[in-house]
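S.K.: Structure incoming, see below.
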Amino acid sequence: MSAPDPVPSTTAALLDPPLHVAIIMDGNGRWAAARGLPRREGHRRGVEALRRAVRAVGELGIKILTIYSFSAENWTRPAEEIGDLMGLLKRFVRKDLAELHENGVRVRVIGERAGLDPEVLSLLREAEELTKSNERTTLIVAFNYGGRQEIARAARELAIDAVAGKIDPEKIDPAAIESRLYTAGLPPPDLVIRTSGEQRVSNFLLWQAAYAEFVFLPINWPDFDRTALEEAIGEYRRRERRFGGVTARAGV
Ligand code: FPP
């Protein structure tokens, strides 16, 4: 009798997908440079990869996808590139919102809103408002987002409440901080994927990713597809998550 076929990776990913996957979409510029194309072409192809990612996440039964679409530090890029990224975001919402809604995607935006272009702000609000009752997948768009800034904001809010006598400073614990983060009420990421081969966290979900597994893929973001996502999930499933405890074996 021959050995049974190994479980195909697709099935394996479908059997036990992580609840929440977060992605640092890196390498658009390098993708373009390698082809002699302008950086904006890399970003444009990055949006296509984002569409593939959202579709794949839905197909694999992953409930939450967080994407790092614009960091608080990205403002240091040349004005022309910032303009390109803002233009792509606006176009993405205008072109894709109806389809996201039809596919049961709930859009949430995390990051600092003060000072954003009013047109961008109103599109982000429209996306959140239209999709707020959807339940199939949650797409969290980290936009003008920084993890340190988010934690500082939570600390500031707690300090203001403490000075006003609304909370006892002695009682400030991790749960109190968590309740003031942009992601309050959402489960933390199980898996953080970064493309482009860079192995850094770059101020992304610093608090929330405390016990996430990190998978670094050697491909640039515009080349990301369902196969790459399945590969990252396969790697995640081979890891043993201990959350600071001991393994079953080591604990004997
Ligand atoms: C990293 O590539 C990517 C970003 C700065 C942002 C990600 C943006 C997109 C995928 C397109 C915009 C989509 C939306 C919805 C806003 P990089 O420019 O840092 O690449 P490099 O490190 O190779 O230069």
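Just so you know, all these numbers are worked out from the coordinates, no wet-lab data involved. Just so it is clear, the model here is predicted, and its values are computed rather than measured. Because the Cβ atoms are built from the backbone with ideal geometry, glycine has one as well, and the counts that use them run over all protein chains shown.
S.K.: Taking the Cα centre as origin and putting +1 on Lys and Arg beta-carbons and -1 on Asp and Glu beta-carbons, what dipole magnitude results for the chain, to the nearest 20 debye?
M.R.: Roughly 200 debye for the chain.
S.K.: Among the listed pairs Lys63/Lys171; Lys90/Lys132; Lys95/Lys132, which have their C-alpha atoms separated by more than 27 angstrom in this model? Display every interim value, and only then the final one.
M.R.: Working: Lys63/Lys171 33 Å; Lys90/Lys132 19 Å; Lys95/Lys132 18 Å.
Violating the 27 Å limit, Cα to Cα: Lys63/Lys171.
S.K.: Follow-up. Order of Phe224, Phe214 from fewest to most other C-beta atoms within 10 Å?
M.R.: Phe214, Phe224
S.K.: Kindly write out, for region 23-28 in residue order, the coupling ³J(HN,Hα) from the Karplus curve 6.51 cos²θ - 1.76 cosθ + 1.60 (θ = phi - 60°), rounded to whole Hz, with x marking Gly and Pro.
M.R.: With coefficients 6.51, -1.76 and 1.60, one gets 10, 8, 7, 10, x, 4 Hz.
S.K.: Taking the Cα-to-Cβ direction at Arg77 and at Thr227 and moving 7 Å from each Cα, how far apart do the two end points lie in nm?
M.R.: So the two model labels end up 2.7 nm from each other.
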